Amino acid sequence: MKILVATGGAPHSEKALQFTAALAQDTKASVTIVTVVRQPRHRAEGQSILTRSLTILPPHIYNTQTKLREGHPAEEIIREAEQGQYSLVVVGEREQHGLVTRFILGSTAER
């Protein structure tokens with residue numbers, strides 16, 4: 001099983017990583033952590049998010065890799081999911097989305 005987990009470094013992303021860790025432990029799945037930056041100048045920040053994400057996963061989940069992509073978060077996550085032929089994609093979602101905010105601004109998790 002191959003799991004893709006998307007993170008932006010926020011608390012809800014950390015919950016997604018914790019969920020993925022538990023699932024990977026139970027299924028012996030490989031895990032790919034992806035983060036997306038909108039512009040090349042944010043690559044260092046993206047790399048920092050990936051490095052911090054690796055500390056959230058327990059060390060016994062050996063088959064883990066990271067990927068940094070540039071572009072629109074939802075589109076790049078979908079592109080990675082399709083290209084990598086993952087069995088499961090895990091994306092955290094903020095709990096405080098109101099209906100108006102969700103429909104006007106959208107949600108990466110929903111896309």
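Amide H contacts of residue 66: 33, each under 5 Å away and 5 or more positions distant or on a separate chain (H built 1.01 Å from N in the peptide plane; Pro and chain starts excluded).
For residue 88, the amide hydrogen comes within under 5 Å of the amide hydrogens of 2, 4, counting only partners 5 or more places away or on other chains and with H modelled in the peptide plane. The 3J(HN,Hα) values that the Karplus relation (6.51, -1.76, 1.60; θ = phi - 60°) gives for the range 25-30 are, in residue order, 5, 6, 10, 6, 7, 8 Hz. Gly and Pro appear as x. Extension gain for the segment residue 93 to residue 72, taken as residue separation times 0.36 nm less the Cα-Cα distance, is 5.9 nm to one decimal. Neighbours of residue 68 by Cβ distance under 14 Å: Lys/Arg scored +1, Asp/Glu scored -1, total +3. Each residue of the range 33-50 is assigned a 3J(HN,Hα), and the resulting list reads 9, 10, 10, 10, 10, 7, 9, x, 5, 9, 4, 4, 5, x, 5, 5, 4, 5 Hz, derived from the Karplus form 6.51 cos²θ - 1.76 cosθ + 1.60 (θ = phi - 60°), x at Gly and Pro.
Please say if the range 1-90 is rounded, prolate or oblate, where rounded means a/c under 1.5 for a ≥ b ≥ c the square roots of the C-alpha gyration tensor eigenvalues, and otherwise the choice is prolate for a/b larger than b/c and oblate otherwise? Judged from the Cα gyration tensor, the range 1-90 comes out oblate (a/c at least 1.5, b/c at or above a/b).
Within 10 Å of each candidate Cβ there may be at most 12 other Cβ atoms; applying that plus a DSSP loop requirement, which chymotrypsin sites (Phe, Trp or Tyr not before Pro) in the range 16-97 survive? Sparse-neighbourhood loop chymotrypsin sites (Phe, Trp or Tyr not before Pro): 62.
All of the numbers you see were taken from the coordinates with simple rules; none came from a lab. The structure presented is a predicted model; accordingly, all values stated were derived computationally and were not measured. Glycine also receives a Cβ, built like all others from the backbone with ideal geometry; neighbour counts cover every protein chain displayed.
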